[in-house]
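**Student:** Okay, here's the structure, questions in a sec.
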Amino acid sequence: MSVQSEASPEGSKTASTSERVIIFDTTMRDGEQSPGASMSLNEKLELAKILEEMRVDVIEAGFPIASNGDFEAVRRISQIVTESTVCGLARAGAKDIERCAEAIAPAKRGRIHTFLSTSPVHMKWKLNKAPHEVLELVTSSVTLARNLCGEVEWSAEDATRTERDFLRRCVEAAIKAGAATINIPDTVGYTYPSEYTEIFRDLIEHVPGADTVIFSTHCHNDLGLAVANSLAGVQGGARQIECAVNGLGERAGNAALEEVVMALKVRADRLHFRTGVVSEHITRASRYVSAITGFPVQYNKAIVGKNAFAHESGIHQDGMLKNAETYEIMRPEDVGQGATNLVMGKHSGRHAFREKLQALGYELGQNALDEAFQRFKDLADKKKHVYDEDIIALVDDSLAAGAERIAVQRLRVIAGTEGQSAELTLVVDGEAKSAQSSGDGPVDAVFNAIRKIAPHEAELRLFQVHAVTEGTDAQAQVSVRLEEGGHIATGHAADTDTLTASAKAYVNALNNLVQRREKTAPEPLIASGF
């Protein structure tokens, strides 16, 4: 294998002439080693199907010797996967390797991945072995694996902290014993890009037989450099990248599959390499892994985060509306993210607000637009999320702020194992009216009491409760969304009592709905049948 030359001018290579990089997914092996990220057998089987549909080249399905469950997962995945290579991990001992070979035996394409520590600190404190003993074990373990399986990968654990000359000798031994893939892992996330590039170039240049094998990267993210190091390894001659969906993995995680794939795709002008991954399946895989592990994806996570293609800044939104390439270097559709999201918030500009109104079916004159935009800004300063319904309310509300026809005066709720009921007094058009009602829960009882006092046909479309602060005395912030006859209204309220906040939010939404329906002077609520 020849070392990739320095990048040539933009456009000098096409995808068809770019060199192929193998994507090796270790979500189910290294990823599952994250504390709390264990996956069930059925979850692993489903993930394997998703990865195969993505056309991931190698799926590391588990560590067969670790448990009967891991063995069964590798064996079952080997039975159902037909396109990707199924790989199992094994330490250098005979029992590990034999157990791994048994697990991957049903695979159409199977691989044994065996490893051994090579750094001074690992040899002394982990293995308690001298360098010559490690060299002998490299040869014997790879030889055994090769006798049991046609495809063997060998990894030098903690390679980036290994003395260079000794690393060369270990790699040479593994190649002579029959390894087809040589992995040079940055096990503890210690290296940096230029150093990692040089390690690969050195090995490829100086180790006999290096041109007959595939070199691989496996980078951890302890210093936040896993993806950068992986790409640097490829520039140094590696043609396989080991990575995990969402960057899942021990400690700070592994190189993120989605970031590696899209970096190679987007920057093909400088990185003349290609993968076989169908990138449109990336978001689906990300969301599935997040769901089964319980590890949420941070909102600003590259490629798959909720905000990866969201824009709130007025400057950015204006640019996006004129040409998406101003602030997006890839299309959200390319990773299965759906459409670009222009988030309406306090940083949004007039241009984006006008476009949002047009999308909602409104065409306003300049004066009306200016007034609505100012009210939108005032609202955005008060709440983090401004929904379309909030904007509709801003435009539709024709009555002055504070002119509410319904207000909560008194609330008493009884809740417990013997049932729930609410006693409520509302002030309706200046007149106090009371009612008592029961429900399936205390909130339902409160809402039923409101309907008794102010009858209406509106359907409850949203009920959300958020704690404003921490602790048992925290304020509850409640949002309610009502819909009736094509009209939508939202209401919000905060109180240290969740039920009081719920009643006020519902009444607030009801007031907004009344205001939008009425175009003339208000009639008494009860007389109008509302």
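**Student:** Taking region 155-209 on its own, how many of its residues are assigned to a helix (DSSP H, G or I) and touching a residue at least 60 places away in the same chain (Cβ under 8 Å)? Can you show your working first?
**Tutor:** The initial filter retains those residues of region 155-209 that are assigned to a helix (DSSP H, G or I), namely 159-161, 164-177, 193-206.
Cutting the leftovers down to touching a residue at least 60 places away in the same chain (Cβ under 8 Å) gives us 200-201, 204-205.
Summing the residues that are assigned to a helix (DSSP H, G or I) and touching a residue at least 60 places away in the same chain (Cβ under 8 Å) in region 155-209 gives 4.
**Student:** Here is a further query. Answer yes or no: is there a residue in region 411-429 that is farther than 24 Å from residue 496 by Cβ, part of a strand (DSSP E or B), of a type in the set (Asp, Glu) and free of Cβ contacts under 8 Å to residues at least 60 places away in the same chain.
**Tutor:** To start, the set of residues in region 411-429 that are farther than 24 Å from residue 496 by Cβ comprises 417-419, 428-429.
Narrowing further to those that are part of a strand (DSSP E or B): 428.
From the residues that got through so far, the ones that are of a type in the set (Asp, Glu) too are none.
Checked region 411-429: no residue is farther than 24 Å from residue 496 by Cβ, part of a strand (DSSP E or B), of a type in the set (Asp, Glu) and free of Cβ contacts under 8 Å to residues at least 60 places away in the same chain.
**Student:** For residue 436, work out the one condition from (1) closer than 24 Å to residue 490 by Cβ; (2) out of contact with any Pro (no Cβ under 8 Å at 6 or more places or on another chain); (3) not aromatic (Phe, Trp, Tyr) it doesn't fulfil.
**Tutor:** With respect to (1) closer than 24 Å to residue 490 by Cβ; (2) out of contact with any Pro (no Cβ under 8 Å at 6 or more places or on another chain); (3) not aromatic (Phe, Trp, Tyr), residue 436 is out only on (1).
**Student:** Here is a follow-up. Of all residues in region 34-66, which are farther than 18 Å from residue 105 by Cβ and not in a helix (DSSP H, G or I)?
**Tutor:** Once the filter is applied, which keeps residues that are farther than 18 Å from residue 105 by Cβ and not in a helix (DSSP H, G or I), region 34-66 yields 34, 35, 36, 37, 38, 39, 40, 54, 55, 56, 57.
**Student:** Here is a list: 204, 184. Which entry is touching a Gly at 6+ places or on another chain (Cβ under 6 Å), of a type in the set (A, V, I, L, M) and surrounded by 18 or more Cβ atoms within 10 Å (Cβ to Cβ)? Even if it seems obvious, please write down each step before you answer.
**Tutor:** Details: 184 fails: touching a Gly at 6+ places or on another chain (Cβ under 6 Å).
Only one candidate passes the filter, namely 204.
**Student:** Answer with yes or no whether residue 255 is among the aliphatic types (A, V, I, L, M), at negative phi and modelled with pLDDT of 90 or more.
**Tutor:** The answer is yes for residue 255.
**Student:** Answer yes if at least one residue in region 309-325 is among the aliphatic types (A, V, I, L, M) and at pLDDT 65 or above, and no otherwise.
**Tutor:** Going through region 309-325, the residues among the aliphatic types (A, V, I, L, M) turn out to be 310, 315, 320-321, 324.
Now narrow it down to the ones that are at pLDDT 65 or above: none.
No, every residue in region 309-325 fails to be among the aliphatic types (A, V, I, L, M) and at pLDDT 65 or above.
**Student:** Across region 442-457, what is the total count of residues that are part of a helix (DSSP H, G or I) and either under 40 Å from the mean Cα position of the chain (by Cα) or acidic (Asp, Glu) (or both)?
**Tutor:** Applying the first criterion (part of a helix (DSSP H, G or I)) to region 442-457 yields 442-453.
With the extra rule that they be either under 40 Å from the mean Cα position of the chain (by Cα) or acidic (Asp, Glu) (or both), the set shrinks to 442-448.
Residues in region 442-457 being part of a helix (DSSP H, G or I) and either under 40 Å from the mean Cα position of the chain (by Cα) or acidic (Asp, Glu) (or both): 7 in total.
**Student:** Exactly one of these conditions fails for residue 494: (1) within 34 Å of the chain's Cα centre (by Cα); (2) modelled with pLDDT of 75 or more; (3) in a strand (DSSP E or B). Give me its number.
**Tutor:** Here residue 494 meets the rest and fails (2).
**Student:** Assess whether residue 127 counts as being touching a residue at least 24 places away in the same chain (Cβ under 8 Å), in the same structural domain as residue 203 (by TED's automatic domain parsing) and farther than 21 Å from residue 242 by Cα.
**Tutor:** no
**Student:** Taking the stated definitions as given, is residue 415 of a type in the set (A, V, I, L, M) and touching a strand residue (DSSP E or B) at 6+ places or on another chain (Cβ under 7 Å)? Even if it seems obvious, please write down each step before you answer.
**Tutor:** Values: of a type in the set (A, V, I, L, M): yes; touching a strand residue (DSSP E or B) at 6+ places or on another chain (Cβ under 7 Å): no.
The answer is no for residue 415.
**Student:** If you scan region 14-33, which residues turn out to be within 20 Å of residue 106 (Cα to Cα) and in contact with a helix residue (DSSP H, G or I) (Cβ under 7 Å, 6 or more places away or on another chain)? Can you show your working first?
**Tutor:** Residues of region 14-33 within 20 Å of residue 106 (Cα to Cα): 24-26, 28-29.
Matches in region 14-33: 25, 28.
**Student:** Report the residue count in region 220-241 for those that are touching a Cys at 6+ places or on another chain (Cβ under 8 Å) and not polar (S, T, N, Q).
**Tutor:** First pass over region 220-241, keeping only residues touching a Cys at 6+ places or on another chain (Cβ under 8 Å): 225-227, 229-230, 233.
Those still in the list that are not polar (S, T, N, Q) too: 225-227, 233.
Summing the residues that are touching a Cys at 6+ places or on another chain (Cβ under 8 Å) and not polar (S, T, N, Q) in region 220-241 gives 4.
**Student:** Quick one: which of 198, 242 is within 18 Å of residue 29 (Cα to Cα) and not hydroxyl-bearing (Ser, Thr, Tyr)?
**Tutor:** On the way: 198 fails: within 18 Å of residue 29 (Cα to Cα).
Checking each option against the conditions leaves just 242.
**Student:** Being crowded, with 17+ Cβ neighbours inside 10 Å and aliphatic (A, V, I, L, M) is the filter here, so list the residues in region 87-105 that pass it.
**Tutor:** Answer for region 87-105, where residues must be crowded, with 17+ Cβ neighbours inside 10 Å and aliphatic (A, V, I, L, M): 89, 90, 92, 97, 101, 103, 104.
**Student:** If I ask for residues that are part of a loop (DSSP other than H, G, I, E, B) and either outside the structural domain of residue 411 (by TED's automatic domain parsing) or at pLDDT 90 or above (or both), which ones from region 458-490 would you list? Spell out the reasoning first.
**Tutor:** Residues of region 458-490 part of a loop (DSSP other than H, G, I, E, B): 458, 468-475, 485-486.
458 - this is the single residue of region 458-490 that is part of a loop (DSSP other than H, G, I, E, B) and either outside the structural domain of residue 411 (by TED's automatic domain parsing) or at pLDDT 90 or above (or both).
**Student:** Just to be sure before I move on: is residue 278 surrounded by 18 or more Cβ atoms within 10 Å (Cβ to Cβ) and over 27 Å from residue 154 (Cβ atoms) in the structure I sent?
**Tutor:** So residue 278 does not fit the description; no.
**Student:** Got a number for residues in region 109-133 being touching a strand residue (DSSP E or B) at 6+ places or on another chain (Cβ under 8 Å) and either outside any strand (DSSP E or B) or polar (S, T, N, Q) (or both)?
**Tutor:** Just the residues of region 109-133 that are touching a strand residue (DSSP E or B) at 6+ places or on another chain (Cβ under 8 Å), to begin with: 109-119, 122-123, 126-127.
Next cut, either outside any strand (DSSP E or B) or polar (S, T, N, Q) (or both) only: 109, 114, 117-119, 122-123, 126-127.
Result for region 109-133: 9.
**Student:** Could you pull out the residue among 84, 40 that is over 30 Å from residue 134 (Cβ atoms) and surrounded by 16 or more Cβ atoms within 10 Å (Cβ to Cβ)? Walk me through how you get there before you give the answer.
**Tutor:** Details: 40 fails: surrounded by 16 or more Cβ atoms within 10 Å (Cβ to Cβ).
Sole residue among the options that is over 30 Å from residue 134 (Cβ atoms) and surrounded by 16 or more Cβ atoms within 10 Å (Cβ to Cβ): 84.
**Student:** Please enumerate the residues belonging to region 68-104 that are touching a helix residue (DSSP H, G or I) at 6+ places or on another chain (Cβ under 7 Å) and assigned to a loop (DSSP other than H, G, I, E, B).
**Tutor:** Those that are touching a helix residue (DSSP H, G or I) at 6+ places or on another chain (Cβ under 7 Å) and assigned to a loop (DSSP other than H, G, I, E, B): 81, 83, 84, 92.
**Student:** Quick check on region 228-248. Is at least one of its residues surrounded by fewer than 20 Cβ atoms within 10 Å (Cβ to Cβ) and among the acidic types (Asp, Glu)?
**Tutor:** no
**Student:** Filter region 106-130 down to the residues that are more than 32 Å from the chain's Cα centre (by Cα) and exposed (fewer than 14 other Cβ atoms within 10 Å of the Cβ) and list them by number.
**Tutor:** 121, 124, 125, 126, 128, 130
**Student:** Sticking with this structure for a sec: Scan region 360-371 and give yes if some residue there is modelled with pLDDT of 75 or more, surrounded by 12 or more Cβ atoms within 10 Å (Cβ to Cβ) and within 32 Å of the chain's Cα centre (by Cα), otherwise no.
**Tutor:** Looking for residues that are modelled with pLDDT of 75 or more, surrounded by 12 or more Cβ atoms within 10 Å (Cβ to Cβ) and within 32 Å of the chain's Cα centre (by Cα), one finds none in region 360-371, hence no.
**Student:** Would you be able to say whether some residue in region 257-275 is among the hydroxyl-bearing types (Ser, Thr, Tyr) and crowded, with 24+ Cβ neighbours inside 10 Å?
**Tutor:** Initially, region 257-275 is screened for residues among the hydroxyl-bearing types (Ser, Thr, Tyr), giving 275.
Next, only the ones that are crowded, with 24+ Cβ neighbours inside 10 Å stay: none.
Checking region 257-275: not a single residue is among the hydroxyl-bearing types (Ser, Thr, Tyr) and crowded, with 24+ Cβ neighbours inside 10 Å.
The values are calculated or read from the model by the stated rules, or taken from the named source; none is laboratory data. Bear in mind that the values here come from a model prediction, so they are computed numbers and not experimental data. Neighbour counts are summed over all protein chains in view; Cβ atoms, including those assigned to glycine, are modelled from backbone coordinates with ideal geometry.
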